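S.K.: Here's a structure for you.
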There are 2 protein chains.
Amino acid sequence: MGAGSLTAVETVTAFLKRAHVGHQLVNFATEFMVPEALAAARELDACFKATGKLVGPLHGIPISVKEHVGFKGRICHSGYTAWIDNVAKEDALILRLLRQAGAVFHVRTNEPQSMMHIDCSNCIYGTTVNPHNRNLTPGGSSGGEGASIGLRCAALGIGTDIGGSVRVPAAFCGAYGLRTTALRNPYKGVLLAGTGQESIRCVISPLANSVRDINLFQQALLDKEPWGEETSLVPLPWKKIEALQPHQITIGVIWDDELIHPHPPVLRALEYAVAKLRRSGIKVVDFAPFDHQEGWEIISALYFPDAAKTQRDLLAQGGEPIAFLTEWAFSVARPEPISVAENWELNVRRDAYRDAYHQIMKDRGVDFILCPAYIGAAATLGSGQYFHYTSIWNILDQPCVTFPTGLKVDPKLDIVDEQYKPRSKADKREYDKYIPERFAGAPIALQIVGKHFQDEEIVAATELVSKIVQASIQS
Amino acid sequence: MGAGSLTAVETVTAFLKRAHVGHQLVNFATEFMVPEALAAARELDACFKATGKLVGPLHGIPISVKEHVGFKGRICHSGYTAWIDNVAKEDALILRLLRQAGAVFHVRTNEPQSMMHIDCSNCIYGTTVNPHNRNLTPGGSSGGEGASIGLRCAALGIGTDIGGSVRVPAAFCGAYGLRTTALRNPYKGVLLAGTGQESIRCVISPLANSVRDINLFQQALLDKEPWGEETSLVPLPWKKIEALQPHQITIGVIWDDELIHPHPPVLRALEYAVAKLRRSGIKVVDFAPFDHQEGWEIISALYFPDAAKTQRDLLAQGGEPIAFLTEWAFSVARPEPISVAENWELNVRRDAYRDAYHQIMKDRGVDFILCPAYIGAAATLGSGQYFHYTSIWNILDQPCVTFPTGLKVDPKLDIVDEQYKPRSKADKREYDKYIPERFAGAPIALQIVGKHFQDEEIVAATELVSKIVQASIQS
């Protein structure tokens with residue numbers, strides 16, 4: 001568009017058309033905003049024509065947005081039928097800032113009941129399915145975004161993540177998903193049951209089809225200095241950093257979190273990636289996970305400290321049936337509301353765990369961690385229960401990206417391990433879900449993790465690592 | 001010491017002697033650490049002799065430390081008799097980092113029961129009094145620090161502040177007290193009842209006898225990158241900024257918080273300061289306070305969300321009588337423990353209030369706010385109850401400094417206002433405390449406040465403003 005070879009109207013129209021077709025395939029949209037998107041595009045074109053300049057780094061870029069991010073004057077229900085009449089009073093801050101950078105919002109996207117599934121189904125819009133295989137879920141909770149980006153219905157997507165909700169759908173749909181450190185991106189104007197809960201913070205962050213796009217999104221957003229309006233944010237500009245070189249970094253590999261075994265395709269992808277990374281000159285070492293059970297005990301108690309009363313009340317008010325995955329999510333909470341003082345104890349445990357994990361990375365000389373994004377390449381519809389390969393980094397508040405390896409599930413290569421021995425009932429339940437044919441052709445993602453507040457570094461590491469892993473000459 | 005004209009041993013010895021004399025006058029110390037301080041000084045001298053270099057920017061500087069900041073192997077009781085046998089397992093992070101910068105810790109200092117008085121008395125060490133007038137309190141809760149710095153028993157002091165606990169003692173004792181934005185200075189290793197409470201965060205920060213010293217402390221501390229160990233901290237280095245010039249800034253003046261009237265000495269100091277600041281070329285405008293009652297309602301509910309059960313249990317366990325000011329502090333809490341969900345609502349109100357206050361400062365074009373540090377120059381022993389001239393900036397999480405104006409209470413000038421009309425019972429209660437003769441000669445402080453995370457800017461503003469206000473040619 002800056003070269004004048006494409007107009008914003010052409011670009012937005014193309015993505016709108018693709019989004020309409022895509023929606024018919026996977027049911028990912030909750031609302032199209034055709035007149036508004038085209039009007040914004042016309043305005044951008046007029047501006048470019050008059051000045052010869054782009055409005056900003058996102059001039060004319062069509063972005064899809066998860067439904068619970070509020071648009072002024074539009075319904076915002078966060079997946080609850082009880083909130084079906086709720087109208088957002090103003091645009092979420094992230095929308096205002098990205099619009100100033102030239103972005104165009106053309107479609108809003110689906111999310112699951114309760115926001116706590118790695119799946120994407122609710123009583124209002126039904127079920128979104130995976131663009132690679134309609135028997136699989138696109139993941140969740142930003143499942144509509146996973147489908148939108150996976151199907152190229154938008155150039156960039158905006159999701160939210162408190163346990164993997166950006167990274168899991170990116171992983172399941174063959175896209176890139178960033179979870180920033182908390183308090184970097186502007187969160188104001190997102191509707192979530194239990195707002196004000198700060199022990200484990202939800203972050204808002206992009207899904208994209210390249211690392212370059214992730215970086216562009218973050219740069220454009222933080223150049224607007226959102227902390228000038230949302231004062232709880234940390235005033236850290238998005239640093240421009242040099243591309244990383246292989247000899248500069250050490251990567252620790254978590255093959256298995258020692259709680260639930262990854263499925264064969266994920267282990268194959270890890271082996272494939274590690275071999276290529278080593279060949280490139282990156283120092284790669286095994287990294288024994290540090291007590292992910294402790295991380296789970298803390299985060300599972302913090303997700304619903306009121307024993308999910310807030311959520312149950314809303315579901316009852318809406319008169320909607322409670323989905324299996326909703327009950328499952330609630331079942332991780334303690335059965336009775338915890339007290340404020342118990343919440344403090346969990347905060348102390350959380351900080352001690354964070355400090356200890358960070359110290360261990362330093363002691364072992366590891367800059368980044370490479371690990372599964374999920375136990376498998378994806379989950380079948382309504383079946384995804386274990387998401388601690390992503391939520392571990394939420395409790396640790398470490399920035400991370402899921403990225404496609406370029407590999408796909410191949411039932412001939414990814415055979416069930418006959419030597420497999422269950423560690424626990426939960427491990428067996430999860431391993432039994434691996435029936436190779438069901439996942440044939442599903443893209444296999446991995447996850448790369450950085451240190452607290454080193455968001456720019458994790459994006460740079462993903463640039464380096466994903467290029468090496470995806471390079472067409474296979475190991 | 002860098003010039004070789006003084007040794008660390010000479011310096012530390014001099015301050016140790018002064019601290020011992022000072023303690024006999026005002027009872028501010030909880031523990032002297034003579035052998036350890038002298039050993040550290042000898043080591044610094046040996047190092048300087050061998051290398052010709054200072055160990056760091058705080059080489060040989062004697063620093064006093066509030067008692068609840070843990071020293072490895074030493075009792076740490078936080079003012080509670082119940083904790084009289086508690087031994088700290090390691091040095092607080094701030095001590096370790098400052099020691100690396102060359103600091104020597106020679107004396108630990110007193111604090112009040114419950115840590116929530118702007119006074120300084122507990123059942124273990126008794127009452128610390130004000131170095132300017134022993135009928136007055138040195139303030140609190142870092143009252144021992146106020147006395148230590150006010151009496152020049154240390155070159156720098158370390159206090160903590162969740163409602164004014166650094167700034168009030170600095171103000172009452174004629175010193176400078178900084179409250180940083182939360183999560184800048186390392187807090188790990190501070191013992192406080194109710195650890196893990198994050199809705200309103202306690203900060204640890206310096207008291208000093210000059211702005212230069214405050215800046216030195218902050219620079220030395222943050223140059224050590226404490227966020228590498230305490231991961232909850234924000235990784236913001238202490239910026240070196242240019243000295244501010246009068247024409248660059250606009251100061252808004254809060255004369256009165258519209259809840260409780262300041263006493264005549266404080267109003268005289270404000271008038272005096274405003275006249276001098278205007279004459280210097282600084283733009284000074286009146287600033288109507290924005291709903292400080294809202295700030296009070298939020299913070300008073302957040303101080304003791306468990307209805308002070310944590311504190312009451314500790315007091316009962318220690319079998320100690322509950323002081324009037326302790327009951328007073330607890331009385332601001334809601335009578336029943338709030339639920340986790342109610343805590344969330346308060347967090348949301350807090351953030352909305354912060355964002356709105358920040359927006360108002362921007363809308364009015366005000367860079368800094370000048371306001372009282374307290375209703376009066378000081379409080380008589382056991383009588384200080386109203387501390388919302390400082391706690392308002394805790395709930396807003398804005399950085400601020402209290403500084404001496406150079407003025408002292410003069411009963412001839414600071415007469416009771418015959419026109420005074422009480423706004424409320426509380427206002428009358430506080431105004432009636434002003435009996436001019438009781439405060440004769442007490443130093444009068446003011447407070448200057450900056451924007452969230454602009455800690456360096458507020459220190460630079462204090463440098464400019466305090467110099468202008470203290471300049472010997474009076475208006």
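Residue-by-condition table, conditions (1) buried (at least 17 other Cβ atoms within 10 Å of the Cβ); (2) in contact with a strand residue (DSSP E or B) (Cβ under 7 Å, 6 or more places away or on another chain); (3) at pLDDT 95 or above; (4) acidic (Asp, Glu):
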| position | (1), (2), (3), (4) |
| --- | --- |
| A:ASP223 | no, no, yes, yes |
| A:SER232 | yes, no, yes, no |
| A:LEU236 | yes, no, yes, no |
| A:HIS263 | yes, no, yes, no |
| A:TYR272 | yes, yes, yes, no |
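S.K.: Which is modelled with pLDDT of 95 or more, open to solvent by 20 Å² or more (accessible area, probe 1.4 Å) and among the hydrophobic types (A, V, I, L, M, F, W, C), of B:LEU58, B:LEU38?
M.R.: So the residue among B:LEU58, B:LEU38 that is modelled with pLDDT of 95 or more, open to solvent by 20 Å² or more (accessible area, probe 1.4 Å) and among the hydrophobic types (A, V, I, L, M, F, W, C) is B:LEU38.
S.K.: For region B:6-15, does any single residue satisfy the condition of being surrounded by 19 or more Cβ atoms within 10 Å (Cβ to Cβ) and under 23 Å from B:GLY140 (Cα atoms)?
M.R.: Within region B:6-15 (the criterion being surrounded by 19 or more Cβ atoms within 10 Å (Cβ to Cβ) and under 23 Å from B:GLY140 (Cα atoms)), the answer is yes, since at least one residue qualifies.
S.K.: Restricting the search to region A:278-320, which residues are at negative phi, away from chain B (no Cβ under 12 Å), part of a loop (DSSP other than H, G, I, E, B) and open to solvent by 10 Å² or more (accessible area, probe 1.4 Å)?
M.R.: Within region A:278-320, A:ALA288, A:PRO289, A:PHE290, A:GLU320 meet the criteria.
S.K.: Among B:GLN24, B:GLN113, which is within 30 Å of B:PHE330 (Cβ to Cβ) and not basic (Lys, Arg)? Walk me through it before giving the result.
M.R.: Numbers: B:GLN24 fails: within 30 Å of B:PHE330 (Cβ to Cβ).
B:GLN113 is the lone residue from the list that is within 30 Å of B:PHE330 (Cβ to Cβ) and not basic (Lys, Arg).
S.K.: Right, next: Can you tell me how many residues in region B:428-441 are surrounded by fewer than 24 Cβ atoms within 10 Å (Cβ to Cβ) and either touching a Pro at 6+ places or on another chain (Cβ under 8 Å) or within 13 Å of B:LEU267 (Cα to Cα) (or both)?
M.R.: 6
S.K.: Regarding B:VAL340, is this residue farther than 27 Å from B:THR462 by Cβ and open to solvent by less than 70 Å² (accessible area, probe 1.4 Å)?
M.R.: Spelling it out, B:VAL340 is indeed farther than 27 Å from B:THR462 by Cβ and open to solvent by less than 70 Å² (accessible area, probe 1.4 Å).
S.K.: Here's something else I'd like to know. Pull out all pairs, ordered by first then second residue, where Cβ-Cβ is under 6 Å, the residues are six or more apart or on different chains, the first lies in region B:399-427 and is open to solvent by 60 Å² or more (accessible area, probe 1.4 Å), and the second is assigned to a loop (DSSP other than H, G, I, E, B).
M.R.: Hits for this filter: B:LYS408/B:GLY441.
S.K.: Among the residues of region B:349-381, write down those that are among the hydrophobic types (A, V, I, L, M, F, W, C), open to solvent by less than 10 Å² (accessible area, probe 1.4 Å) and within 30 Å of B:GLU437 (Cβ to Cβ).
M.R.: Scanning region B:349-381 gives B:LEU370, B:CYS371, B:ALA373, B:ILE375, B:ALA377, B:ALA378, B:ALA379.
S.K.: Now, a different point. Just to verify a result, which residue in region B:340-382, among those that are assigned to a loop (DSSP other than H, G, I, E, B) and among the β-branched types (Val, Ile, Thr), is nearest to the other protein chains (Cβ to nearest Cβ)?
M.R.: The extreme case among them is B:VAL366.
S.K.: Residues being basic (Lys, Arg), under 16 Å from B:LEU95 (Cα atoms) and either assigned to a helix (DSSP H, G or I) or within 11 Å of chain A (Cβ to nearest Cβ) (or both): count how many of those fall in region B:211-242.
M.R.: 0
S.K.: Kindly establish whether A:LYS89 is assigned to a loop (DSSP other than H, G, I, E, B), out of contact with any Pro (no Cβ under 8 Å at 6 or more places or on another chain), open to solvent by 40 Å² or more (accessible area, probe 1.4 Å) and under 30 Å from A:GLU320 (Cα atoms). Steps first, answer last, please.
M.R.: On the way: assigned to a loop (DSSP other than H, G, I, E, B): yes; out of contact with any Pro (no Cβ under 8 Å at 6 or more places or on another chain): yes; open to solvent by 40 Å² or more (accessible area, probe 1.4 Å): yes; under 30 Å from A:GLU320 (Cα atoms): yes.
Taking the combined requirement at face value, the residue satisfies it.
S.K.: Take A:PRO337 and decide whether it is part of a loop (DSSP other than H, G, I, E, B) and within 11 Å of chain B (Cβ to nearest Cβ).
M.R.: yes
S.K.: For B:THR195, state whether it is within 14 Å of chain A (Cβ to nearest Cβ), among the β-branched types (Val, Ile, Thr) and surrounded by 19 or more Cβ atoms within 10 Å (Cβ to Cβ).
M.R.: When the stated conditions are applied, B:THR195 does not pass them.
S.K.: If B:ALA323 passes every condition in (1) open to solvent by 10 Å² or more (accessible area, probe 1.4 Å); (2) within 14 Å of another protein chain (Cβ to nearest Cβ) but one, which one does it miss?
M.R.: Among (1) open to solvent by 10 Å² or more (accessible area, probe 1.4 Å); (2) within 14 Å of another protein chain (Cβ to nearest Cβ), the lone unmet condition for B:ALA323 is (2).
S.K.: Of all residues in region B:175-189, which are away from chain A (no Cβ under 12 Å) and of a type in the set (Val, Ile, Thr)? Don't jump to the end; show me each part of the working.
M.R.: Residues of region B:175-189 that are away from chain A (no Cβ under 12 Å), as a first pass: B:175-180, B:185.
Across region B:175-189, the qualifying residue is only B:THR180.
S.K.: State all residues of region A:383-407 that are within 14 Å of chain B (Cβ to nearest Cβ) and part of a loop (DSSP other than H, G, I, E, B); if no residue qualifies, say none.
M.R.: A:LEU396, A:ASP397, A:GLN398, A:PRO399
S.K.: Kindly evaluate B:LEU6 against the criterion of being at pLDDT 95 or above and assigned to a helix (DSSP H, G or I).
M.R.: Here the answer is no, as B:LEU6 does not meet what is asked.
The values are calculated or read from the model by the stated rules, or taken from the named source; none is laboratory data. The structure displayed is predicted, hence computed values, not measured ones. Positions of Cβ are backbone-derived with ideal geometry, glycine not excepted, and every protein chain shown enters the neighbour counts. Each accessible area value is taken on the protein alone, full model and side chains, heavy atoms only, with ligands, DNA and RNA left out. Shrake-Rupley method; radii C 1.70, N 1.55, O 1.52, S 1.80 Å.
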